[in-house]
Amino acid sequence: MSARKPTEDPLWLKVVVLTLVFAFLGLFLVLPLVTVFFEALRRGVAPALEAIREPDALAAIRLTLLTAAIAVPFNVLFGVCAAWAIAKHHFKGKAFLITLIDLPFSVSPVVAGLIYVLVFGLQGWFGPWLQEHDIKIIFAVPGIVLATIFVTFPFVARQLIPLMQEQGVSEEEAAVSMGASGPVTFWRVTAPNIKLGLLYGVLLCNARAMGEFGAVSVVSGHIRGLTNTMPLHIEILFNEYQFVASFAVALLLCLLAIVTLVLKASLEALQPAHQRLAH
Amino acid sequence: MTISIRRVSKQFARYPALDDVSLDIRDGELLALLGPSGSGKTTLLRVTAGLEFPNEGSVLFEDEDVTYASAADRRCGFVFQQYALFKHMTLAKNISFGLDVRKAKDRPDKAEIARRVDELLKLVELDGLGKRFPSQLSGGQRQRVALARALAVNPRVLLLDEPFGALDATVRKSLRKELRRIHDATGVTTIFVTHDQEEALELADRVAILNLGKIEQVGTPDEVQDNPASAFVAGFVGEASRFDGEVKGGKFIAPFGQLPAEGVADGKAQAFIRPHDFRLLKTGPLQVHTDRVVVQGPLARLEGKTEDGQRIDAVFARENAEALRGDVRLAVKRAHVFPA
């Protein structure tokens with residue numbers, strides 16, 4: 001007779017659900033990715049490589065990596081602090097802080113970019129002062145970094161808060177009752193427990209930092225070779241009908257994303273089994 | 001080490017968890033904090049450990065005021081309800097944690113720590129399992145690790161929060177004996193929290209009974225059972241049949257007759273009668289209709305009702321089992337009477 005478990009769904013339902021899932025993934029994920037590959041390599045590898053080696057492209061890649069390299073560590077620091085405060089401590093205004101952390105998710109990135117223009121731009125609040133001291137933020141690298149930090153703000157904190165809340169404080173209390181100081185407790189007890197969640201948050205944050213378009217677009221000024229990040233560079237090339245070049249850079253961006261995901265998967269697989277059980 | 005809790009109050013957001021509590025714990029004793037949930041017993045334990053600071057009052061270890069000293073400085077061994085073992089560390093690392101985190105000058109050398117870990121694993125009968133991880137242990141074994149870990153730092157006092165709450169009945173019984181054995185072997189002053197009166201009465205030297213943030217009574221298991229200080233204690237510790245009535249001139253007057261109630265003020269009152277304080281007596285004043293007779297080992301338990309519907313639980317020697325069926329007449333040997 002049938003080897004179906006009592007809680008298992010009938011075959012037709014499984015087929016329908018799985019087909020739906022794969023159809024969606026195929027249409028919205030795989031197909032675009034394939035298109036990027038296809039378009040980038042339409043005229044062979046050489047033109048694609050050429051497009052990436054071009055000085056403006058290289059500058060865009062450098063700027064993207066630099067932005068991520070600043071935004072990610074900053075957000076890790078902020079995210080861990082915020083999650084630690086929210087999950088392990090009681091204080092007034094906690095709910096408000098949680099809402100505030102979500103703000104970058106709910107605000108359109110374009111608005112986020114505009115805010116920085118209004119604050120630091122020439123006509124903005126600090127504009128005259130910044131000009132006096134010869135500090136350029138808007139239409140320069142600092143603006144791009146600021147906008148990226150703003151947009152990627154919630155990733156690490158959002159990842160850690162539920163995790164840390166679920167873990168509660170008893171392990172920390174146990175550590176303290178055995179004489180461990182605050183920092184020792186954090187490094188030896190809290191940090192190992194949030195390692196995987198933190199890693200996931202970092203990767204998501206990194207992916208978004210490298211891919212952010214809207215906010216960066218507003219504050220960048222699109223100066224080729226100076227303030228163009230990879231997504232902006234791709235758009236410019238595309239608008240100039242340089243399809244191969246634009247898809248080649250897009251492909252590179254996709255590969256960066258794929259590398260990040262593979263990295264995450266393999267790091268997870270490296271975790272010893274007894275620790276994975278605990279999560 | 002002796003511990004003095006002096007007039008401690010602790011207010012949480014809405015309700016008072018501890019309300020002017022004073023308690024003296026003697027050197028080397030095993031004390032149970034017994035009470036229903038929400039009685040403040042865990043809060044009292046956490047105040048002692050330094051995991052909560054009281055709003056008022058003070059906590060003294062010997063003569064030293066530790067009311068606001070940090071938990072890290074108190075050297076209390078604390079065993080958590082869900083054990084709170086470090087999941088990512090082996091048992092050996094869990095146990096040595098308190099030693100490993102000491103400042104270099106106070107830290108024993110590696111060989112000494114390893115020796116201490118082995119010694120503790122042996123004490124809790126987990127020898128040879130030091131390389132395992134907590135997820136590879138049963139509930140009872142985790143509990144033993146938590147105990148060993150708390151003892152590793154040579155605590156001045158051992159504090160246990162519902163130590164057997166998450167275990168099944170058999171494991172619980174054997175671990176109870178174990179805790180008593182370890183307590184007697186180490187001689188460390190020990191306080192444990194429980195809502196299980198059997199656990200408290202069987203294990204502890206003295207029992208402190210809490211209700212609604214106040215201590216109702218502190219005494220040996222015999223004292224709290226035989227001389228309850230309040231209606232709450234009489235009802236909470238041990239079984240009792242309850243009668244509503246009135247006290248007049250030192251006598252409790254119930255429908256079935258009178259009971260001595262010296263020193264109880266006149267007015268409405270409640271009498272608590274223990275199951276073993278009933279006596280079978282043909283001319284007894286209490287007419288009881290038997291619902292059920294349950295034979296348990298050497299005892300025969302009677303569950304029944306009086307004429308006016310009052311529930312009666314009584315215990316007699318097994319040979320009376322047959323005589324209990326049908327209707328019986330009982331006399332009362334002893335009652336605890338409190339103003340209602």
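No lab work stands behind these numbers, since they all come straight from the coordinates. Fair warning: this is a prediction, and the values are worked out from it, not measured in the lab. Neighbour counts are summed over all protein chains in view; Cβ atoms, including those assigned to glycine, are modelled from backbone coordinates with ideal geometry.
Can you give me the C-alpha center-to-center distance between region A:42-73 and region A:232-249, rounded to a whole angstrom?
Cα centroid of region A:42-73 versus Cα centroid of region A:232-249: 12 Å apart.
For a quick check: sort B:Tyr83, A:Tyr241, B:Tyr15, A:Tyr200 by the number of other beta carbons within 10 angstrom, fewest at the front.
Ordered by Cβ neighbours within 10 Å, fewest first: A:Tyr241, B:Tyr15, A:Tyr200, B:Tyr83.
Between A:Lys14 and A:Glu166, what FRET efficiency comes out of the Förster formula 1/(1 + (r/R0)^6) with R0 = 41 Å and r the beta carbon distance, rounded to 0.05?
The formula returns an efficiency of 0.85 here.
Test of the criteria: in region A:188-279, which GluC sites (Glu not before Pro) are in a DSSP loop and have at most 16 other Cβ atoms within 10 angstrom of their Cβ?
Sites meeting the loop and neighbour criteria: A:Glu240.
Take every Cα pair under 8 Å in region B:255-340 that's 6+ residues apart, average their separations, divide by the length, and report that relative contact order as a whole percent.
The value is 42 percent.
Can you tell me, using C-alpha contacts under 8 Å and at least 6 residues apart, the relative contact order of chain A as a whole percent?
31 percent
Treating the angle as unsigned and between 0 and 90°, give the value, to the nearest 10°, between the Cα long axis of helix B:139-151 and the longest Cα principal axis of chain B.
Rounded to the nearest ten degrees, it is 60.
Under a point spin-label approximation (7 Å from Cα along Cα-to-Cβ), what is the A:Trp125-A:Ala95 distance to one decimal in nm?
Placing both labels 7 Å along Cα→Cβ, they lie 2.7 nm apart.
Can you name the helices of chain A, as whole DSSP H runs, whose Cα span along the helix axis is 27 Å or more and whose Kyte-Doolittle mean is not below 0.0?
Membrane-span-like by this rule: A:55-88, A:141-167, A:191-211, A:243-270.
Contour minus end-to-end for A:Ala257 and A:Cys81, with contour as 0.36 nm per residue of separation and end-to-end as the Cα-Cα distance?
Length gained, A:Ala257 through A:Cys81: 60.7 nm.
Enumerate the amide H contacts of B:Leu286 below 5 Å, restricted to partners 5 or more residues apart or on another chain; note that Pro and chain-start residues carry no placed amide H.
Result for B:Leu286 returns B:Leu330.
Could you check the simple spin-label distance between B:Glu322 and B:Met1, using points 7 Å along Cα→Cβ, in nm with one decimal?
6.2 nm
Any idea what the relative contact order of chain B is, in percent, if you count C-alpha pairs under 8 Å spaced at least 6 apart?
Worked out over chain B, it gives 16 percent.
Over chain B, with a Gaussian network built from C-alpha contacts below 10 Å, which listed residue (B:Ala71, B:Ala261, B:Ala317) shows the highest mean-square fluctuation?
Most flexible of the set in this elastic network: B:Ala317.
Given the DSSP H assignment, sum -39500 (n - 2.57) over each helix run of at least 4 residues in chain B and divide by its residue total; what's the result at 222 nm in deg cm²/dmol, nearest 500?
-7500 deg cm²/dmol
Computed FRET efficiency, Cβ-Cβ of B:Ser230 and B:Glu119, R0 30 Å: what is it to the nearest 0.05?
Result of the calculation: an efficiency of 0.10.
Antiparallel DSSP bridges in the protein assembly as shown: what percent, to the nearest 5?
Taking every DSSP beta bridge within the protein assembly as shown, about 75 percent pair in antiparallel fashion.
For chain B, modelled as a GNM with alpha-carbon contacts under 10 angstrom, which of B:Val224, B:Val101, B:Val293 fluctuates the most?
B:Val101
Farthest toward the dipole's positive end in the protein assembly as shown, which of A:Val262, A:Ala112, A:Ala40, given Cβ charges of +1 (Lys, Arg) and -1 (Asp, Glu) about the Cα centre?
In the protein assembly as shown, that residue is A:Ala40.
Residues of region B:25-69 with backbone nitrogen within less than 20 Å of a virtual label 7 Å along the Cα-to-Cβ line of B:Arg180, please, listed as ranges.
B:26-35
Which of the listed residues, B:Leu160, B:Leu23, B:His195, is farthest toward the dipole's positive end in chain B, when Lys, Arg count +1 and Asp, Glu count -1 at the beta-carbon?
Comparing the listed Cα positions along the dipole, B:Leu160 ranks first.
Order of B:Val218, A:Val110, A:Val219, A:Val189 from fewest to most other C-beta atoms within 10 Å?
Fewest-to-most Cβ neighbours within 10 Å comes out as A:Val110, B:Val218, A:Val189, A:Val219.
With the crude spin-label approximation of a point 7 Å out along Cα→Cβ, what separation in nm comes out for B:Arg242 versus B:Asp313?
In this crude label model, B:Arg242 to B:Asp313 measures out at 1.2 nm.
Treating cross-link reach as a plain straight distance, find the lysines whose alpha-carbon is under 20 Å from the alpha-carbon of A:Lys92, omitting any fewer than eight places away in the same chain.
Within the straight-line cut-off, A:Lys92 pairs with B:Lys10.
Using a Gaussian network for chain A with springs between C-alpha atoms less than 10 Å apart, which of these wobbles most: A:Phe150, A:Phe22, A:Phe139?
A:Phe22
Cα centroids of region B:228-267 and region B:175-216: how far apart, whole angstrom?
Comparing the Cα centres of region B:228-267 and region B:175-216, I get a distance of 28 Å.
Through the Karplus equation 6.51 cos²θ - 1.76 cosθ + 1.60, θ set to phi - 60°, convert the phi angles of region B:72-77 into ³J(HN,Hα) values in whole Hz; use x for Gly and Pro.
Taking θ as phi minus 60°, the curve returns 5, 8, 8, 6, 9, x Hz for region B:72-77.
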